[in-house]
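K.L.:
The structure's right below; bear with me while I get my questions together.
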Amino acid sequence: MTEYVSTTPGLYPLPDWAKDDLSDLKGHQKHDLISGDEGEEITAVYEQAREEVIGVQQDAGLDRIVEGQLRWDDMLAHPLAVADAVETRGIVRYYDNNNFYREPVVTADLAATGDVASELEAAADLTDGDDLQAVLPGPYSLADLATDEHYGDEADFLAAIADFLADEADAFPAVETLFLLEPSLVENAPDDGEDERASEAIDQVANAVDADVVVQPYWGALEEKVYAHLLDADIDAVGFDFVANQDDNLYNIQEYGTTDDVALGLADGQNTLVEDPEAIRDRVEWVEGQLQTADFETVYLTTNTETFYLPYAKYVEKLEVLAEAADLAEVTAA
């Protein structure tokens, strides 16, 4: 029987009190953003905020608990932004929305920092045995968001990013699931040849962890060749953004099949409208009915995107909806 798992891609909004405290402590300029060497006062705020967002997930009843990535001022670019071999330069737009990040420019050989692993270790101390989920940018998206001034070749740069992320993941504490977030596979789709290299890079990162690996593209559907190559990677689940594009995602699954597990982005991570749990459950049933395939082993119910776009109270409501929808789906399937 299918297991329905409620979770999220992480990158949560800061609690309002933490925004106020950090505004006083950090300031508002580019040089005030997180660099990996923040002082005790700033660290203490993030520690308290991490404890709060983990408690929110537990209270909501989510099946997978994420650290929240509250320190990720640069969104998916964060793991590079705190690396020694990277210079952060001008502010650039984060995909096609009203958020901005510091351009990470790689100027020397990349080496893992352990920054994400230390966040997960802190989260593990707070989860009380609940299943912990790690979140990383996928290698293709991280390379797409960055600038290379060292490796000199796109293929070599992607390979270096994959090595970097694999080494980061290898240092993780025990996690149940790893979500690799790959919006660039949709937003800046790889060309012929590059699509195969992107799949190989994802495969390398996935093999660095003893966990179920979910690759979550969003803001649309993958081009057919990109999707077909992604299925060659040694991953457990592909995510589908059914908020942004329902028809093309269904087509890809019907035409090319998919993994034994699947992640369904059915709640909008950027819209303050809070979905109804029964409506989410009905959408799950509709998707499964459209596919007419054997039961998935695991269905992850998630927002389609990160949720840092949302007001804090709305993000909390979205978590509660996902948890309830997964419970309803379990009951319906029983």
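The values are calculated or read from the model by the stated rules, or taken from the named source; none is laboratory data. Since the model is a prediction, treat every value here as computed from it, not as a measurement. Virtual Cβ from ideal backbone geometry, glycine too; neighbours counted across all protein chains shown. Side chains included, ligands, DNA and RNA excluded: accessible areas come from the protein's heavy atoms. Shrake-Rupley method; radii C 1.70, N 1.55, O 1.52, S 1.80 Å.
K.L.:
Give the value in nm², to one decimal: projected area of the alpha carbon convex hull of region 168-274, averaged over all directions. Walk me through the numbers on the way to the answer.
P.N.:
Numbers: hull surface 29.0 nm².
The Cα convex hull of region 168-274, projected and averaged over all directions, gives 7.2 nm².
K.L.:
Here is a further query. Could you check which residue among Leu319, Leu273, Leu178 shows the biggest mean-square fluctuation in a GNM of the chain with a 10 Å Cα cutoff?
P.N.:
The residue with the greatest mean-square fluctuation here is Leu273.
K.L.:
By its C-alpha gyration tensor, with a ≥ b ≥ c as the square roots of the eigenvalues, how is region 76-164 shaped: rounded for a/c under 1.5, else prolate for a/b larger than b/c, else oblate? Please report the intermediate quantities before stating the final value.
P.N.:
Numbers: a/c = 2.15, a/b = 1.59, b/c = 1.35.
Prolate.
K.L.:
Further, regarding this structure: Hey, how much of the P(r) for region 222-334 falls beyond 23 Å, as a percent of Cα pairs? Don't jump to the answer; show the numbers that get you there.
P.N.:
On the way: 1824 of 6328 pairs.
Of the Cα pairs, 29 percent sit more than 23 Å apart.
K.L.:
Scan the chain and note any complete DSSP helix (H) whose C-alpha atoms cover at least 27 Å along its axis and whose Kyte-Doolittle average is -0.5 or more.
P.N.:
On the way: long enough: 40-60 (30 Å, -0.54); 312-333 (32 Å, 0.28).
Helices meeting the span and hydropathy rule in the chain are 312-333.
K.L.:
Which one of Gln254, Gln133, Gln69 has the biggest mean-square fluctuation once the chain is modelled by GNM with Cα springs under 10 Å?
P.N.:
Of Gln254, Gln133, Gln69, the most mobile in the Gaussian network model is Gln254.
K.L.:
Which of Arg102, Arg283, Arg71 moves most in a GNM of the chain, Cα contacts under 10 Å?
P.N.:
Highest fluctuation among the options: Arg283.
K.L.:
As a check on your grasp of the helix formula, calculate [θ] at 222 nm for the chain: sum -39500 (n - 2.57) over DSSP H runs of n ≥ 4, divide by the residue count, round to the nearest 500.
P.N.:
On the way: 12 runs with 141 residues, N = 334.
So the helix-based figure for the chain works out to -13000 deg cm²/dmol.
K.L.:
Between Leu273, Gln246, Val213, whose Cα lies farthest towards the positive end of the dipole of region 211-302 when Lys and Arg beta carbons carry +1 and Asp and Glu beta carbons carry -1, centred on the Cα centre?
P.N.:
In region 211-302, that residue is Leu273.
K.L.:
Probe radius 1.4 Å, ligands and nucleic acids ignored: give me the carbon and sulfur share of the accessible area of the chain as a rounded percent. Display every interim value, and only then the final one.
P.N.:
Working: 5310 of 13460 Å².
Carbon with sulfur: 39 percent of the solvent-accessible area.
K.L.:
While we're looking at this one, here's another question. For region 104-260, just list the percent of Cα-Cα distances falling in each 5 Å bin from zero outward, please.
P.N.:
Pair shares across the bins are 2, 10, 19, 21, 19, 14, 10, 5, 1, 0.
K.L.:
Let me know the shape class of region 138-225, please: from the alpha-carbon gyration tensor, a ≥ b ≥ c as square roots of the eigenvalues, rounded when a/c is under 1.5, otherwise prolate if a/b is greater than b/c, or oblate.
P.N.:
On the way: a/c = 1.99, a/b = 1.22, b/c = 1.64.
Judged from the Cα gyration tensor, region 138-225 comes out oblate (a/c at least 1.5, b/c at or above a/b).
K.L.:
Under 18 Å from a point placed 7 Å out from the Cα of Glu149 along the Cα-to-Cβ direction: which residues of region 82-116 have their backbone N that close?
P.N.:
Counting only backbone N, you get 82-93, 101-111.
K.L.:
A follow-up question, please. The chain: D in µm²/s via Stokes-Einstein (Kirkwood Rh, Cα pairs, 10 °C, 1.306 mPa s)? Write down the numbers at each step before the final one.
P.N.:
Numbers: Rh = 19.9 Å.
In µm²/s, the coefficient is 80.
K.L.:
When ligands, DNA and RNA are left out and all protein chains stay put, how many square angstrom of accessible area per residue does region 156-201 have with a 1.4 Å probe?
P.N.:
In whole numbers, region 156-201 has 35 Å² accessible per residue.
K.L.:
I'd like the accessible area for Asp37, computed on protein heavy atoms only with a 1.4 Å probe and all protein chains in place. Round to 10 Å², please.
P.N.:
120 Å²
K.L.:
Using only Cα atoms, what Kirkwood radius does region 141-192 have, in angstroms?
P.N.:
Values: mean 1/r = 0.0796 Å⁻¹.
Hydrodynamic radius (Kirkwood, Cα only) of region 141-192 equals 12.6 Å.
K.L.:
Then there is this: Checking the a/c ratio against 1.5 first, then a/b against b/c, what shape does the Cα gyration tensor give for region 248-308?
P.N.:
Numbers: a/c = 2.07, a/b = 1.71, b/c = 1.21.
Prolate.
K.L.:
At q = 0.08, 0.13, 0.17 Å⁻¹, what log₁₀ I(q)/I(0) does a Debye calculation on the Cα points of region 1-158 give, no solvent, two decimals?
P.N.:
Log10 I(q)/I(0), no solvent term: -0.26, -0.67, -1.08.
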